[in-house]
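Note sheet for the following structure.
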Amino acid sequence: MHTLTRFGMPLLLVTALFFVNVAQGREKGWERIPLNGPIKTQLPDGSTRVLHPSCSGGPEMAEAGPVPASTDYYFFVQRGNPNKVLIALDGGGACWDAATCIGSPLSGNSTYTVSLNGIPGTIASAGGIFSNHNSKNPFRNYTKIFIPYCSADIFWGSKDTTYVLDLEPNNRLRWTIRHRGTDNFLGVLDWLQKYGRANYRVDLSRARHVTVAGLSAGGYGASLAFAYIAQLTPKANHNLVSDSAIGVLTRNFYTTALYNPGNPGSETWGVPGNFPSWVRGFNNQFFVQGAAFPNGFVPSLFAALADYQPNAHMASLTTNLDSVQILFYGLMKGVFPADAATAGEWYAAMSRMTAATASLPSYRFFIDAGSLHTFIASNQRVYEVGANGLSVAQWVRAMIKPGNRTWQNLDAGPPFGP
């Protein structure tokens, strides 16, 4: 039973993260829209695909033992200017092997959000960039699309994977996890194309200002979703905000969840086929090179997107000692809880990666001091003074509405002493 109890209390913060942040606001006006599959959709390149929107179906404890969590999936819309659209993807951890996908939720300390139970009550009070009343919010009057997260695959997956957990000698528990994150956001885009104009006056093909944002796991999802959304919104000015999703990885995690060059197709999330062919940088070598240099994968992703949409603005937000990103990096290494050496490794890799990506003319980073995880769903973290005396709201406004404002890299410096 050791596997079930190896995860300590801090992991509860991962799945509760969005709930903690949004509860600070008092916003209303979100409408919930269910997605029921299978959905036959046409992708921007003209190909067709059948989507199966779903939450993970991960284990939840009941009196008789573990049962599958609800797989129901839905998203939210807040009405606004139909020509200005904010599409945001939520966070909530991840899982990639039997210990994280089965063991952690059964222990009561899950590394991922297994279902959407509880989301409807909290989205109604969303703050930060989701506020429609705060005059400091650069997205105040936008139509806002909120895409929840419950697939444990950073929105990059499209695969049902069965994991086997050894509980004790001669006792094994098999569980199938629905890693359908890409199906989920593509299902939202399909709905918007079919019904957005009639219901919310939103016609993606005519939109003029489009920002794709994501926090934590949703920060990675936003980077992938951006490639699809930009293709569907050819008349728009585009922005990408990746919040607390720097991508410090181990090679073992990369080859287990994302791409295994020695056995393609064995990966637990089913990622490679979800990266669109119309982005030239997502070629056959993209994943192979990522396996060789896993901490160069996310910078390479930004580079491919910059080549695809050279006029788009792209940004990363993080703190310099992000406790949750360090926690997951430790889990990838097999170090739990993460120690000081792991934190130092994470910071060094994060600094190298953001510096490397900063060579792209369309990219900037905002690195604040501290260990907090995510900014954009919190009134306090968005509107109070942050890195180098500038709030996230001011910095993002300069990003999406340059004018006379200067949009530059901001770095609070290293978290350790000289």
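Provide, for q = 0.09, 0.13, 0.14 Å⁻¹, the log10 of I(q)/I(0) from a solvent-free Debye sum over equal Cα point scatterers in the chain. Log10 I(q)/I(0), no solvent term: -0.50, -1.11, -1.33. Rounded to the nearest Hz, the phi-derived 3J(HN,Hα) couplings of segment 159-166 under the Karplus curve 6.51 cos²θ - 1.76 cosθ + 1.60 (θ = phi - 60°) are 7, 8, 10, 9, 9, 10, 10, 7, where x marks glycine and proline. Pairs of alpha carbons in segment 54-180 separated by more than 22 Å make up 44% of all such pairs. If both residues of a DSSP beta bridge must be in segment 309-410, then about 10% of such bridges are antiparallel. Does segment 361-418 come out rounded, prolate or oblate, given a ≥ b ≥ c as the square roots of the eigenvalues of its C-alpha gyration tensor, rounded meaning a/c under 1.5 and, failing that, prolate meaning a/b above b/c? Verdict is oblate for segment 361-418. In segment 123-223, the convex hull through the Cα atoms has an average projected area of 8.9 nm², a quarter of its surface area.
Does segment 225-275 come out rounded, prolate or oblate, given a ≥ b ≥ c as the square roots of the eigenvalues of its C-alpha gyration tensor, rounded meaning a/c under 1.5 and, failing that, prolate meaning a/b above b/c? Because a/c hits 1.5 or more and a/b fails to exceed b/c, segment 225-275 counts as oblate.
Prolate is the label for segment 184-312, because a/c, from the alpha-carbon gyration tensor with a ≥ b ≥ c as root eigenvalues, is 1.5 or above and a/b exceeds b/c.
Taking the Cα centre of the chain as origin and charging only Cβ (+1 Lys, Arg; -1 Asp, Glu), how large is the dipole, in debye to the nearest 20?
It comes to approximately 1500 debye.
Please report how many Lys pairs in the chain have alpha carbons closer than 21 angstrom, counting only residues at least 8 apart along the chain or sitting on separate chains. Lysine pairs satisfying the spacing and distance rule in the chain number 17.
Accessible surface of the chain, 1.4 Å probe: 50 percent of it comes from carbon and sulfur atoms. Per the Kirkwood treatment, what hydrodynamic radius in Å, one decimal, follows for segment 254-371 from the mean inverse distance over all distinct Cα pairs? Radius from the Kirkwood sum: 15.6 Å. Projected onto planes of every orientation and averaged, the convex hull of the alpha-carbon atoms in segment 148-198 covers 4.3 nm².
Take every Cα pair under 8 Å whose residues are at least 6 apart in sequence, average their separation, divide by the length of the chain, and the relative contact order is 16 percent. Ordering of 96-106, 226-236 by packing is 96-106, 226-236, highest average first (other Cβ atoms within 10 Å, averaged per residue). Take every DSSP beta bridge whose two residues both sit in the chain; close to 45 percent of them are antiparallel.
The mean of 1/r over all distinct Cα pairs in segment 46-85, once inverted, gives the Kirkwood hydrodynamic radius of 13.9 Å. Counting only Cα atoms, segment 258-309 measures 32, 21, 16 Å along its principal axes, largest extent leading. From its DSSP helices (H runs of at least four residues, each -39,500 (n - 2.57)), the chain gives a residue-normalised ellipticity at 222 nm of -8000 deg cm²/dmol.
The values are calculated or read from the model by the stated rules, or taken from the named source; none is laboratory data. Fair warning: this is a prediction, and the values are worked out from it, not measured in the lab. For neighbour counting, all protein chains shown are included, and Cβ atoms are generated from backbone atoms with ideal geometry for every residue, glycine included. Heavy atoms of the whole protein, side chains included, go into the accessibility calculation; ligands, DNA and RNA do not. Shrake-Rupley method; radii C 1.70, N 1.55, O 1.52, S 1.80 Å.
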